[in-house]
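Beneath this line is the structure, given in structure tokens, with notes to follow.
The values are calculated or read from the model by the stated rules, or taken from the named source; none is laboratory data. Since this is a predicted model, take the numbers as computed values, not measurements. Glycine gets a Cβ as well: all are built from the backbone with ideal geometry, and neighbour counts include every protein chain shown.
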Amino acid sequence: MSLGFYPKLAMDGIRKNRRMYVPYLLTCAGMAAMFYILEFLCGSPAMQSLPGAVSLGIMLRLGTGVIAVFACIFLFYTNSFLMRRRKKEFGLYNILGMSKRNLARVLFWETLISAALSLIVGLAAGVAFSKLAELVLVRLALGDAGYSLSVSPASLVFTAAVFGAIFLLILLNSLRQVHFSGALALLQSEQAGERPPKGNALLGLAGLALLGGAYYIAVSIEDPLSALTWFFLAVLMVIVATYIIMISGSVVFCRFLQSRRSYYYKPNHFVSTASMRFRMKRNGAGLASICVLATMVLVMLSSTTSLYFGTESALLERYPRGINVTARPREGTGADVLRAETAAQVRGKILEIAESLGAEPANILDYRAATVYAQFDGGDIVTFSEENSVSFTAGCVVVFTALDDYNAMTGESETLGPDEALAYMSRGGSVPAELRINGERTLRVKREAADFAKDGDSAASIIPTMTVVVADLDGFVESFPLFRSYVGVWSWHYGFDTGLGAAGDRELFSALVSSLREDAEAVGISVSTSCRSINRADLYALYGGFLFLGITLSVVFVFAAVLIIYYKQISEGYEDEKRFGIMRKVGMTKREIRRSINSQLLTVFFLPLALAVCHLAFAFPMIKKLLMLFNLTNSGIFLATTGISLAVFAVFYTLVYKITSNAYYNIVSGAKRE
């Protein structure tokens, strides 16, 4: 045989099966393009110059890893459709005298041609759209970028290497399938189909129980830290339950439809229901994959878009005031150096600098605090120490502050006894009637306090914060051994709005940073200063990166879902072609065929979407609490973006249904034949 025989045979195989190969190659190219774009952005000078470039780089690297792993798994999955279609052809070649070695050469050239076409198209598209992606990312992060197009040779080589390795693994798997299959098995592989699977009611009930457990976790979580702890377990439970329900439960459902004589014995339901039950084992896995991908797309789009469009809301939550100053004792100076006199001295310096720049302080935050990390269970506060470890997941930040500061901040004239307190729990927690501290002292909670100490530190904390107001803060701290052994427990918080605008805030921030450093050293404290206007860029860069990555991964997952749907329709169309051909010969009209197809597709096609919506509805409370970790407490934004994402995806899903159902109809009705 000539050297060009095998490449020609491979090209003929791809061309004759173009209905199966073209979507596969386009999906490979799309994933390669996305991978290159993320790799390009990781080293882009424009991206490196953005605020929060380190966080953006980590997110983009994570995105490339997700795409690489997902591409490997998914391309293996879709290649199984191609092999199922091609095995008959390979079996015929084998019977006509081609050895397994000859078939291996054909597979090698097919894989090589597929890889070359995918990478050429994918890398070309990646280079072409990389600049657009860079401009979008920079725009989302409120940065500036030029319009010159550049190419990253390192990213090109790395992308080609990663996808080359994936195609090599696919080739080895294909060779394994052909090598261990006889000629007759290859020839009959497409017609063999599956045995009608038995519906396992117990397995289906186990799937429902697992799904119910995941839903219960999602709706019963009360605080963001617990949501973060249980989120991945709940996701894993939902994925496993979805596959169990779709594979086992769907068979039971089809048997139920067959038992309903009024439904089953109708022309538009008889053939479709029987076909669904016959191959539901494989279909169930495909439907479950579509459902999981749809859920992932909806969760990513709704959460990342709500984060980005809620950036200003999150910024105000994280930085309630334009300028924020926090002072703490310098390590080694003792925990009792930050007294009211020290705070007054630093406050005077801050006001002096602010007035020199024309600022008019308003919305002032001013209080001293003694903070400990503790485990909070009911009314028992168990503080952290060398002798007493505290579980991080059950931890709570307890902030003790003075009644004088509380009254000054709130305008109240509250009074407290030595063993009385006011208390407030952040993130919606409840306050007990009594607080028992290490079993040494009990404070009676007179009433719930106002949330007067809302500042950036409490907003940034991923664990609950409880503020406790006591009558005499200095005396309370000095009487407690747990405070005397905890260096740095003291802090003083001062914040205000300036009325100067963004530029004025930045100028005042620079002046405070340079001036307070020397004064703080003189009195033995350390001072940290933050400015909302300066941190706005960092937050937009972070949330813009989340949105960009969410959109990118959503596009990849949508590619995957569409390809699964397409192959499902095409492969089933070829399997059902002879069945519907027989039905046409016994009098079934094309109109009845169309009605039967619609009955089948409507029964199963929208099932993954309906279940994905159900998953999203139950996940809503947990995701809402997770977003609180990013300072997004505006539930209205998340609800609106979730509704819009769901509506857009449903419209897109319906369009895919219309297109693929037409392809299925054209095959089984004989309207188009290859």
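What pairs can you find where one residue is in the stretch 471-482 and under 14 Å from V399 (Cβ atoms) and acidic (D, E), the other is surrounded by fewer than 19 Cβ atoms within 10 Å (Cβ to Cβ) and modelled with pLDDT of 75 or more, and their Cβ atoms are less than 8 Å apart, with a gap of 6+ or different chains?
Partner pairs satisfying both residue conditions: none exist.
Name the single residue that is nearest to L41 (Cα to Cα) among those in the stretch 90-129 being of a type in the set (S, T, Y) and crowded, with 17+ Cβ neighbours inside 10 Å. Break it down stepwise before answering.
Just the residues of the stretch 90-129 that are of a type in the set (S, T, Y), to begin with: 93, 99, 111, 114, 118.
Next cut, crowded, with 17+ Cβ neighbours inside 10 Å only: 93, 111, 114, 118.
Values: Y93: 47, T111: 29, S114: 27, S118: 21 Å.
Only one residue tops the list, namely S118.
So Y21 fits all but one of (1) buried (at least 17 other Cβ atoms within 10 Å of the Cβ); (2) modelled with pLDDT under 80; (3) of a type in the set (S, T, Y); what number is the exception?
(2)
For every residue, the table says whether it meets (1) within 31 Å of the chain's Cα centre (by Cα); (2) part of a helix (DSSP H, G or I); (3) under 25 Å from A128 (Cα atoms); (4) outside the structural domain of Q177 (by TED's automatic domain parsing).
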site	(1), (2), (3), (4)
F35	yes, yes, yes, no
I58	yes, yes, yes, no
F70	yes, yes, yes, no
G91	no, yes, no, no
G97	no, no, no, no
R105	no, yes, no, no
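Just wondering, is there one or more residues in the stretch 279-293 that are farther than 30 Å from H493 by Cα, surrounded by 22 or more Cβ atoms within 10 Å (Cβ to Cβ), of a type in the set (V, I, T) and at pLDDT 80 or above?
yes
Does Y77 satisfy the condition of being aromatic (F, W, Y) and either touching a helix residue (DSSP H, G or I) at 6+ places or on another chain (Cβ under 7 Å) or in the same structural domain as V297 (by TED's automatic domain parsing) (or both)? Break it down stepwise before answering.
Numbers: aromatic (F, W, Y): yes; either touching a helix residue (DSSP H, G or I) at 6+ places or on another chain (Cβ under 7 Å) or in the same structural domain as V297 (by TED's automatic domain parsing) (or both): no.
No: the conditions fail for Y77.
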